[in-house]
Amino acid sequence: MSYTKHFYLPLLLTWLTCSCGEYQLEEETGETIENVPHTVQVVTRSDNNAPIHYPLTVYLFNEEGKCIQQDIIADESASYSKSIAEGKYTIILLSGITEDEYFMPLDITPESYISIKESNFAKAPIQIAQAQINLTKSTTVQMTLSYAVASVSFVINDVPEEATNVSIDISPVSSGIAFNNAYKNDQQSCTIPCAKEGNQWMSETVYILPHESSSTHLSVQIDQPEGNKTYGYTYQSALLAGYPYQFTGNYKDGITLNGEFQAEGWHPLVGVEFGISETIPDNPDDTEENPGTITGNADTYYVSTLPEEEESIWENFFVWKITEISDTECEAFLIAPEQWETQADKGEEILADYEISGIDGWRVFTKEEAKSFIAQYRDIDLNQLLQDNGLAPFYGNEDDEDRYLCNDCQSSFAFWSSSISKVGSKRTYYLRPVKTVHLTVR
């Protein structure tokens, strides 16, 4: 893949997975005078001999975190050499930011985010390096560029001939990253389209910003004339920066993750195998052909393993209650990994749009469920488990009057009170999606 100079923005950030450069001080003679300028030179190299994509952008931040200089290294023959006053600085070196794929912050601060413009994936891999220097004499800074994204591609085999479209949804991913090295971790998803090539549906290789999650959810949607079908999978790890992933799947036999995709500069591929975890029909009346049907009040999902116990994390959900049906079936009360702060009249709209791991149809607690939940967790002692597994904690500060929506968003509850109250129109509440599902081991 090649990149041209005019695609690169002259702005950006520190990356979470960037490697810190080492620097060597050149000897100077003579007396050191406070605030006298010294020469800083940057020498670049890449991790694991990865190709470096020029031009590169260099950012210089002072001790207060203000970006005071930015420069371009146009190509391999160019160099970076600046005369800078004494002081402590952070140097950021990056490659791969394209103007058509990223929004840059208007004000560059350690907390500001640079975000992907749309789709939450990019077609150019970002490399970044960081070094901190205490400039008291002329300094040569050696900076090693490393990938700050995960590389992802898909090959799907044995798709029915009548299929008109295939796409894969990945969640959670981050939509951006801050200059202070933090991924946004905003529980976003990205949908990667596939194109038919012969008997296979294949995606381009794309690049995503990782999310600090304990697992990654994939949903493969296959559009057919008689109705669309979605197949869900869970990979029991986050997608890591610097690693290439090629998912090769068979429509009949599930998905495998293989190690055929290797590229210079990327870490070795982690090999994983996993199968279909649920099937969800777009047409709920199509119950004979689509096994993901509605049974009683709970949607049925086909999984590889059942939750082992109540009050545990399973497939990135908090499982509050389990009703065992057999060794291969149960009903589980799932609590979503994320939540929103919103006005009550916006709650149903959020729930209608919410989908994760191919599961939609979420709701809020009923009044009875809310009373039982706060009675069990009045001290919110489940928060440590949630946070350790990358799930959002519940809020229960009485001073801040933290309250959660329940009863179809018509009422609210709080951990610091036993009362269920009618919602108001002016204030905001927290919304935490929940859902009861029927799980069957396939």
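The values are calculated or read from the model by the stated rules, or taken from the named source; none is laboratory data. As the structure is a prediction and not an experimental result, all values here were calculated from the model. Glycine also receives a Cβ, built like all others from the backbone with ideal geometry; neighbour counts cover every protein chain displayed. The protein model used for the area step is the full one, side chains on, heavy atoms only, and it has no ligands, DNA or RNA in it. Shrake-Rupley method; radii C 1.70, N 1.55, O 1.52, S 1.80 Å.
Quick notes
- Within the set Ile52, Ile33, the sole residue that is outside any helix (DSSP H, G or I) and at pLDDT 50 or above turns out to be Ile52.
- Selection over the range 162-179 of residues that are within 9 Å of the chain's Cα centre (by Cα) and either surrounded by fewer than 20 Cβ atoms within 10 Å (Cβ to Cβ) or not small (Gly, Ala, Ser) (or both) gives a count of 3.
Results for (1) in contact (Cβ under 8 Å) with a residue 40 or more places away in the chain; (2) hydroxyl-bearing (Ser, Thr, Tyr); (3) open to solvent by less than 60 Å² (accessible area, probe 1.4 Å), shown as yes or no for each residue.
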position: Arg45; (1), (2), (3): yes, no, no
position: Glu63; (1), (2), (3): no, no, no
position: Ala85; (1), (2), (3): yes, no, yes
position: Lys117; (1), (2), (3): no, no, no
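- Single condition Ser77 does not satisfy, out of (1) of a type in the set (Ser, Thr, Tyr); (2) under 17 Å from Thr139 (Cβ atoms); (3) not in a strand (DSSP E or B): (2)
- Number of positions in the range 85-139 that are in contact with a Phe, Trp or Tyr (Cβ under 8 Å, 6 or more places away or on another chain) and among the aromatic types (Phe, Trp, Tyr): 2
- When the range 204-225 is filtered for residues that are under 21 Å from Tyr243 (Cα atoms) and open to solvent by 20 Å² or more (accessible area, probe 1.4 Å), the ones remaining, listed by number, are Glu204, Thr205, Tyr207, Glu212, Ser214.
- Filter result for Ile72 (part of a loop (DSSP other than H, G, I, E, B), open to solvent by 40 Å² or more (accessible area, probe 1.4 Å) and either at pLDDT 85 or above or out of contact with any strand residue (DSSP E or B) (no Cβ under 9 Å at 6 or more places or on another chain) (or both)): no
- Residues within the range 185-199 that are open to solvent by less than 60 Å² (accessible area, probe 1.4 Å), part of a strand (DSSP E or B) and either among the polar types (S, T, N, Q) or in contact with a His (Cβ under 8 Å, 6 or more places away or on another chain) (or both), tallied: 1
- Selection status of Val159, among the β-branched types (Val, Ile, Thr) and under 21 Å from the mean Cα position of the chain (by Cα): no
- Sole exception among (1) out of contact with any Cys (no Cβ under 7 Å at 6 or more places or on another chain); (2) modelled with pLDDT of 90 or more for Thr293, by number: (2)
- Candidate set from the range 100-109 (those that are touching a strand residue (DSSP E or B) at 6+ places or on another chain (Cβ under 7 Å) and not hydrophobic (A, V, I, L, M, F, W, C)); member that is most open to solvent (accessible area, probe 1.4 Å): Glu101
- Tally, over the range 130-154, of residues that are open to solvent by 10 Å² or more (accessible area, probe 1.4 Å), β-branched (Val, Ile, Thr) and farther than 30 Å from Glu86 by Cβ: 0
- Checked against (1) touching a strand residue (DSSP E or B) at 6+ places or on another chain (Cβ under 6 Å); (2) assigned to a loop (DSSP other than H, G, I, E, B); (3) without any contact (Cβ under 8 Å) to a residue 60 or more places away in the chain, Ser237 meets all criteria but (1).
- Long-range neighbours under 6 Å by Cβ, at least six apart or interchain, first residue within 19 Å of Ile374 (Cβ to Cβ) within the range 420-442, second among the basic types (Lys, Arg): Ile420/Lys367; Tyr429/Arg403
- Condition met for Ala182 (of a type in the set (Gly, Ala, Ser), open to solvent by 20 Å² or more (accessible area, probe 1.4 Å) and closer than 29 Å to Ile359 by Cβ): yes
- Being modelled with pLDDT under 85 and not in a strand (DSSP E or B) holds for only one residue in Glu162, Glu204, Glu212, and it is Glu212.
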